[in-house]
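The values are calculated or read from the model by the stated rules, or taken from the named source; none is laboratory data. Just so we're clear, the structure is a prediction, and the values are computed from it rather than from any experiment. Note that each Cβ is placed from the backbone with ideal geometry, even for glycine, and that neighbours are counted across all protein chains shown. Ligands, DNA and RNA are excluded from the accessible area calculation, which covers all protein heavy atoms including side chains. Shrake-Rupley method; radii C 1.70, N 1.55, O 1.52, S 1.80 Å.
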Amino acid sequence: MSDVAVLGLGAMGSALAAALLDGGHHVTVWNRSDGRSAPLAARGAAVAATAAEAIRAAPVTVVCLIDDAAVRETLVAVPGHTLVNLTNSTPAQARDLAGWAAGQRMAYLDGGIMAVPPMIGSPAAFVFYSGAADTLERHRGLLARFGTIEYVGADPGRAAVHDLALLTAMYGMFGGFLHAAALLRAEGIPVAGAEPLLTRWLIAMSGALPQTAAAIDADDHTTTTSAVRMQALAYPHLLDASRERGLHTGLVEPMGELLKRAVEKGHGDADLSVLATLLRGN
Ligand code: FVH
């Protein structure tokens, strides 16, 4: 028997399996297609011919496939076994899979990896987990190999919600950065030269997030500094400057629309945090 099986040896699954081997664990690996297991086999991993064989080779299986459909195609029921699914999925998919596992008398943890493959096993990596706390405790030693464990509750969908919320914020940042880069380039300014200033500004603005979070939770959007009305007037300038240079504005238009709607709805004197209420449809 191995300590743990890993299903999926893509960029992330391979990094997870390598971290387990680094930790001295006995690991069985499986991948749908050939050719991915050789580096791990060279380091001592056992290679299973089928997913079922891998699952039966260990008490716990870490699953990291491309999506939920691949997971559903791959998994087989092994009563008494524990599944740790680190495949990106929606909360509904996670809850559904947890229900299937319970029906097969299998323990289930859902996870959301907040790291890219080279970060796995480093102090910068963290992973959200949700599901039964005692299941997590039983496998804490193994799972800590990947990064800091962030347990977010018994509801199996909670890890996916946290994962997707953080990815939403990340894509917002990259979307803004990419448009800023296009604008700089269109004006003949090298992006790399301006990047330290962009980074400095983003770090400074991220300092407002605790206050913004508190304002959203309390539904109190009072401000004495940067009112929505002022921002709604300034925002079109970045759209106009982009259009003058022939740039697509699809990445940045929605925020302008939301600012405009906030003013129309009488929130001109409010803090930017009020936009969250418009997203709720209030
Ligand atoms: N890589 C990253 O930066 C992110 C970081 C955060 C977490 N994500 C999620 O991790 C899941 C796996 O991502 P990945 O980076 O390992 O993705 P790939 O390198 O493309 O490998 C995909 C593996 O999935 C296998 N696979 C695909 N379809 C099927 C299927 N129908 N049945 C069985 N396995 C399947 C694929 O096998 P193969 O193509 O080599 O045969 C790879 O093992 C993902 O949810 C990210 O969102 C990564």
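Quick notes
- Relative counts (whole %) of C-alpha pair distances in the chain, using bins that are 5 Å wide: 1, 5, 10, 13, 14, 12, 9, 9, 9, 8, 5, 3, 1, 0
- Kirkwood estimate for the stretch 42-128, i.e. one over the average of 1/r between Cα atoms, Å: 13.9 Å
- For the chain, built as a Gaussian network whose Cα springs stay under 10 Å, the top-fluctuating residue of GLY121, GLY141, GLY13: GLY141
- The Rg/Rh ratio for the stretch 86-193, using Cα coordinates for both the radius of gyration and the Kirkwood hydrodynamic radius, is 1.16.
- Accessible carbon and sulfur surface of the stretch 189-282 relative to its total accessible area, %, 1.4 Å: 61 percent
- Computed from backbone phi, the HN-Hα couplings of the stretch 150-157 come to 10, 7, 10, x, 6, 4, x, x Hz, rounded to whole numbers (Karplus: 6.51 cos²θ - 1.76 cosθ + 1.60, θ = phi - 60°; Gly and Pro given as x).
- Additional length obtainable on full extension of the chain from SER122 to ALA165, 0.36 nm per residue less Cα span: 13.2 nm
- Residues whose amide H comes within less than 5 Å of that of VAL47, counting only those at least five positions distant or on another chain, are VAL29 (H built at 1.01 Å from N in the peptide plane).
- Atom-type composition of the exposed protein surface of the stretch 53-149 places 57 percent of the accessible area on carbon and sulfur (1.4 angstrom probe).
- Mean separation of Cα contacts under 8 Å (6+ apart) over length of the chain, as relative contact order %: 12 percent
- Candidates LEU209, LEU259, LEU166, ranked by Gaussian network fluctuation over the chain, Cα under 10 Å, top entry: LEU209
- Structure remark: mean-square fluctuation, Gaussian network model of the chain, C-alpha springs under 10 Å; the largest value among ALA58, ALA232, ALA165 belongs to ALA232.
- Computed label-point distance, nm, for sites PHE174 and LEU202 using a 7 Å Cα→Cβ extension: 1.0 nm
- Fully extended contour minus Cα-Cα distance, from ALA42 to SER226, at 0.36 nm per residue: 60.4 nm
- Other-chain or far-sequence residues with amide H under 5 Å of THR223's (modelled H): ASP271
- Kyte-Doolittle mean at least 0.0 and Cα axial length at least 30 Å: DSSP H helices in the chain: 158-186
- Length-normalised contact order for the stretch 183-262 - Cα pairs under 8 Å, 6+ apart - percent: 34 percent
- 1.4 Å probe accessible area per residue over the chain, in Å²: 53 Å²
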